Structure formats: structure tokens, C-alpha cells
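Let me begin by presenting the structure, written as C-alpha cells, before commenting on it.
Values in this text are rule-based calculations from the coordinates and carry no lab data. As the structure is a computational prediction, the values presented were derived from the model and not from experiment. Cβ coordinates were reconstructed from backbone atoms using ideal geometry, including for glycine residues, and neighbour counts include every protein chain displayed.
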Amino acid sequence: SPVGSYFRVRYELPRERPLVSIIIPTRDQADLLRSCVESIRKRTRYPNWELVVVDNQSTDEKARRYLEQLANSGRATVVRFDRPFNYSAINNFAVRHARGEVLCLLNNDTQVISPDWIEEMLGILLQPGVGIVGARLWYEDDTLQHGGVIVGAGGTAAHAHAFLTRSDSGYFGRAHLAQEFSAVTGACLMVRKSLYEELGGLDEKNLAVAF
């Protein structure tokens, strides 16, 4: 078990729960998308959210059928981005279809494992001075994929605490603690829609794939 003791703050959410728009870009890979969507539906405790799935030129028939099922079932808004892959442009396009005052960008190869994931991130996001909130992301073997991003490491940026196990505390316990970082991964981040739009969204011209 981790060494030492830690305090965890749970912030009270407003009585009127803001709508959280979960944006998932996808292309083909129906099984990945299905696992992601079903994990959100089955494990998310927060009551007020919507799914916006962005199809970027899927050609696989299985994927196209699943996207059609999603749209027809009313469980998600499915929009088509019929241009070459550009991560920034895809998300900016999706935001125009999002009804929520809070956005959650989410990769299609993720799965929800904590029922209170939205409450945890949203509670921090709604505090004064907070711009973006990220989550710890775990590989299937229970090693850490992302626990914040350190800008400058390796000449560009690197994930903090990468490959630590769940029982590893990290430097001065930081692998277990909520804290400020220079950046977080776009694989799972939460931001106010108003701030996203004020900043002009993601950089479609210079950052089409990463960063």
C-alpha cells in the first residue's frame, strides 16, 4: 500500500448540475468505440451528460453500423467530419454540436473505471482559477499512462509518473495527489466550453496531430 497519509478534497457541486458534453472522435474500430461508450453508460454516476461522437471518414462496415445504431437509439449525437484527420479540427467541429456548458474530450480507446469520474473532475474544474482538468489514466496492466504532463521534458513534453503501479506513491506522494501541472493529455480532459471558445479552440493549423 502507499507510504504515508494523504488528504483528498471532494468539492461540492452546484445543485443545478451542469450538462457535460463528452466528445469522442473515432474512425473505424467499432469494438474500441463500443467498449468506451458502454463503459460510460454503465459506470458513470453523474446524471447530466451527453455523448457527441465524431466519425472521421469511417469505411469499416461494422463501425458504420454501430454509429448508425448509436444515432438512431438517441444515446449519442453522431456527427460526420468528412476531411482528413486533424485532431484539433475534429474537436473544434464537435464543440459546435455540443450543448453542454462543460466539455470533456475523450479518446475512443479509453474506458471508465471510476463511477465518480465526472464529479471528481468537475468539482475541481468549477473552482476559481482552474482552466483544464485531466485524469489519471491506467494501462490494462495497472501501470500509469498519464498523471499530468511536464512541458520541456525530453525537449517537448512527457507524462508524469509514467509506468508506476497503483501502489507507487511517486516523488513525495505526488503520483497520488491532485495538483497543478503545465498540461494534461487530450485523451481525457475537461474544460468550460466558454473558455474553450474564448481561446479559439485547439490549433488546427499548427497542431493537427499532437500537442
Straight-line reach from K42: which aspartates and glutamates have a Cα under 13 Å away, not including same-chain ones fewer than 8 places off? D116
Taking all pairs of different Cα atoms in the chain, averaging 1/r and flipping that mean, what Kirkwood radius in angstroms comes out? 18.1 Å
When Rg is the radius of gyration of the Cα atoms in region 1-104 and Rh is its Kirkwood radius, what does Rg/Rh come to? 1.08
Selection from L177, V133, F81 lying farthest towards where the dipole of region 77-211 points positive, charges on Cβ: F81
Among the lysines, which have Cα under 27 Å from the Cα of K205 when same-chain residues fewer than 8 positions away are ignored? K193
Along the dipole axis of the chain (charges at Cβ: +1 for Lys and Arg, -1 for Asp and Glu; origin at the Cα centre), the most positive-end residue among L19, V191, T59 is L19
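Evaluate the charge dipole of region 61-208 about its Cα centre and quote only its size in Debye, nearest 20, assuming +1 on the Cβ of each Lys and Arg and -1 on the Cβ of each Asp and Glu.
Working: 14 positive and 17 negative charges, 92 e Å.
My answer is approximately 440 debye.
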